[in-house]
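Let me begin by presenting the structure, written as structure tokens, before commenting on it.
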Amino acid sequence: MRVLWFGRWLRAGAAAMVPAGPPRAAAELLAHLERLALVDFRDAEGVERLQKAIQFADRLQEVNTDGVEPMDSVLEDRCLYLREDNVTEGNCTKELLKNAREKVEEYFVAPPGNIPLPKLDEQETFLQGS
Amino acid sequence: WVPVVGLEIHAQISSNSKLFSGSQVQFAAPPNSLVSFFDASLPGTLPVLNRRCVEAAVMTGLALNCRINKKSLFDRKHYFYADLPAGYQITQQRVPIAVNGSLSYSLCIDNKMSQMVTKTVRIKQIQLEQDSGKSLHDDIRSQTLVDLNRAGVGLMEVVMEPDMCCGEEAAAAVRELQLILQALGSSQAVMAEGQLRVDANVSVHHPGEPYGVRTEVKNINSLRFLAKAVDYEIQRQIEELENGGTILNETRAFDSKLGCTVPMRDKEGKQDYRFMPEPNLPPLILYDAKSLPANMSHQQVVNIDWIHERLPDLPSVKRAKLVEQYGILPEHSFTLLNEDGLTEFFENVVKQTQMKPRKVIGWILNDLLSYLKQHSLTVKESPVSSFLLADLLNLLEKKEISAAAAKQVLAELWKGEGKTPLEIVKEKKLELIQDQKELEQICQVVIDGHENEVMAIKAGNRKVLNKLIGLVQRETHGRSNPVLVKQLLEKKLSE
């Protein structure tokens, strides 16, 4: 729901990047979305692309879907294939580890926990700067 | 204050291969050796559902009185963590495989196991989902080591409604679920091996007021810790609120060493999982006797009614049967089922002895079980086999030894030196004195030596007779039959 509101906000300020609503809240939503999706909207081009994408997708709202069950896949009438419970894969440690940049004794190596993104105040947000 | 406890239980499905891939499911194996390309999330791989996992979930749903959804859907739950290579977990968020069930469990009102009360907790739903891999945190080198052997193993998540109110209830409910899963074979449910993981949702509120903010408690590794963690969290919340503080809707970890819950790092704020339908899996359709499709291969059809007909006896049914067949008390049946292998042991002893089951159960629960507990042994590790115990009980039943002597023999048998009960009896001269004359003589000696007691008995105080019987027992080193001794004493005293 907040994304829809954000979309309206973006559409409202179509040409110029001057927001109609409170810039702080929009910046927070943007930062939240970035954190979730690990996507960087950090420049004007990024935000404009996002805005255009929302406008493009909004055209779906023109279709009247009252009383129609949502479809989530064209496979919905297909049969879900059930596999027999046999061991047929695995035992390819060496091959899998070939992809790893770092490894320790056949373990993949990852950074400790999730690296937190810099906090909102510490960032130079594009929106704040404009 | 009214505490409210709900549980989310993840049970690893007992199957040969994983939920969506053909790699093996095994507890301890070389790191990353049980991982397929799909489990490692390599691009271009697709999930293929394991039929056995579906059957396990249906069995569990039926055993918990759920409605099985003939059409259920798979979804993706997104979050980032090193042991979740795809960045999402395939689960069933919208329409799970089973909903609206119930679980009945029993609690002892007091510690002596003499009064049991039955409680019910509602099961909100059961869903199929993937397990994640394992992270080993290396704080020294500031890195995490990831083993994906567990990634993709099938899980049944059982969600219990917040119908419980304390640690004891939570532990009892989980114990009963564990026994049910083990009876069904759908999960081995051993908490120590991570096959059964429990997260508790705890909140408190005043009666009549709306529910309080709840916290989620994770990292609970045993039933005992579950009870402790829940009770600690309830106390913590009450104290916090009574001191004017507030409860944060957070996730906390249970620290078993300190016996308390602490906030977990990496779980700041509410997570947004961005659920979306799993595009690579069509809906899961289950059938029953009425809706069986005519032209489908047998192997592709999961028939709910067929599974229902083949469900094994659930623990509650087994207990009722034990009570009916052997005339033991319901509390006894609970203890029998609670210890792995104890029911079998008990039934084996009953088969091999003439002693009535109602008497045998006393020896099993009081003597055998307490010894095993004292020495932290399982029934399988018992130095006294059912054969030996039955042998001993036969001697007792045939009145060749007294109950006191039997206990002495049992103490010897625990040493596991391979001697039979009969050998020990002969060795320690524990046989009951069968010679009536000898007994009469001893009785006479005791009577002669205790004039005051004799006078008291003749005056009408029958209870003092027990003291004389005890004295005879002492003289004979426990080798006299108390019933016979009583008869002899009474005969002498009435002369």
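A few points about this structure:
- Pair list, Cβ < 6 Å and 6+ apart or interchain, from region B:272-289 residues that are assigned by the TED database to the domain that holds B:ASN50 and without any contact (Cβ under 8 Å) to a residue 24 or more places away in the chain to residues that are surrounded by fewer than 18 Cβ atoms within 10 Å (Cβ to Cβ) and not in a loop (DSSP other than H, G, I, E, B): B:ASP272/A:LEU36
- Looking at B:VAL99, B:VAL25, just one residue is under 16 Å from B:MET156 (Cβ atoms) and surrounded by 22 or more Cβ atoms within 10 Å (Cβ to Cβ), and that residue is B:VAL25.
- If only residues of region B:60-76 that are more than 25 Å from the chain's Cα centre (by Cα) and open to solvent by 50 Å² or more (accessible area, probe 1.4 Å) are counted, the one that is farthest from the other protein chains (Cβ to nearest Cβ) is B:ARG67.
- Hits in region B:32-53 - residues which are more than 7 Å from chain A (Cβ to nearest Cβ) and among the charged types (D, E, K, R): B:ASP39
- Checklist (1) out of contact with any Gly (no Cβ under 9 Å at 6 or more places or on another chain); (2) at pLDDT 85 or above; (3) open to solvent by 50 Å² or more (accessible area, probe 1.4 Å) applied to A:GLU45, failing item: (2)
- Test: B:ILE109 is farther than 26 Å from B:GLY44 by Cα, surrounded by 20 or more Cβ atoms within 10 Å (Cβ to Cβ) and outside the structural domain of B:ALA320 (by the TED database): no
- Among residues of region B:185-207 being open to solvent by less than 10 Å² (accessible area, probe 1.4 Å) and aliphatic (A, V, I, L, M), the one that is farthest from B:ALA172 (Cα to Cα) is B:VAL204.
- Filter pass, B:VAL5 being buried (at least 19 other Cβ atoms within 10 Å of the Cβ), more than 30 Å from B:ILE307 (Cα to Cα) and touching a Pro at 6+ places or on another chain (Cβ under 7 Å): yes
- Among residues of region B:185-198 that are in the same structural domain as B:ALA229 (by the TED database), those with a Cβ under 6 angstrom from a residue that is of a type outside the set (A, V, I, L, M, F, W, C) and not in a loop (DSSP other than H, G, I, E, B), sequence gap 6+ or separate chain, pair up as B:SER186/B:THR60; B:SER187/B:GLN12; B:ALA189/B:GLN178; B:ALA189/B:GLN182; B:GLN195/B:GLN12; B:ARG197/B:HIS10.
- For region B:149-170, filtered to residues that are more than 12 Å from B:VAL121 (Cα to Cα) and open to solvent by 10 Å² or more (accessible area, probe 1.4 Å), the residue that is farthest from the chain's Cα centre (by Cα) is B:ASN149.
- Taking region B:418-465 and the helices (runs of 4 or more DSSP H) fully enclosed by it, the elements with 3 or more residues that are more than 50 Å from the chain's Cα centre (by Cα) are at B:436-449, B:451-459.
- The residue of region B:94-124 that is nearest to B:GLN143 (Cα to Cα), among those that are at pLDDT below 95 and not in a strand (DSSP E or B), is B:ARG94.
- In region A:78-100, the residues that are assigned to a loop (DSSP other than H, G, I, E, B) and at the interface with chain B (Cβ under 7 Å from one of its Cβ atoms): A:ARG78, A:CYS79, A:LEU80, A:TYR81, A:GLU84, A:ASP85, A:ASN86, A:VAL87, A:THR88, A:GLY90, A:ASN91
- For region B:57-93, a tally of residues being modelled with pLDDT under 95 and at positive phi returns 1.
- So A:VAL74, is it modelled with pLDDT of 90 or more and hydrophobic (A, V, I, L, M, F, W, C): no
- Among the residues listed as B:ALA29, B:ALA57, the single one being facing another protein chain (nearest Cβ under 10 Å) and either touching a residue at least 24 places away in the same chain (Cβ under 8 Å) or in a loop (DSSP other than H, G, I, E, B) (or both): B:ALA29
- Residues that are of a type outside the set (D, E, K, R), surrounded by 14 or more Cβ atoms within 10 Å (Cβ to Cβ) and within 33 Å of the chain's Cα centre (by Cα) were ranked within region B:239-255; the one that is farthest from B:ASP199 (Cα to Cα) is B:ILE247.
- Listed by position, the strands (runs of 3 or more DSSP E) enclosed by region B:125-170 that each have at least 1 residues that are farther than 30 Å from B:HIS205 by Cβ and at pLDDT below 95 are B:134-138, B:143-147.
The values are calculated or read from the model by the stated rules, or taken from the named source; none is laboratory data. These numbers come from a predicted model, not from an experiment. We place every Cβ from the backbone using ideal geometry, glycine too, and count neighbours over all the protein chains shown. What goes into the accessible areas is simple: the full protein's heavy atoms, side chains included, and nothing from ligands, DNA or RNA. Shrake-Rupley method; radii C 1.70, N 1.55, O 1.52, S 1.80 Å.
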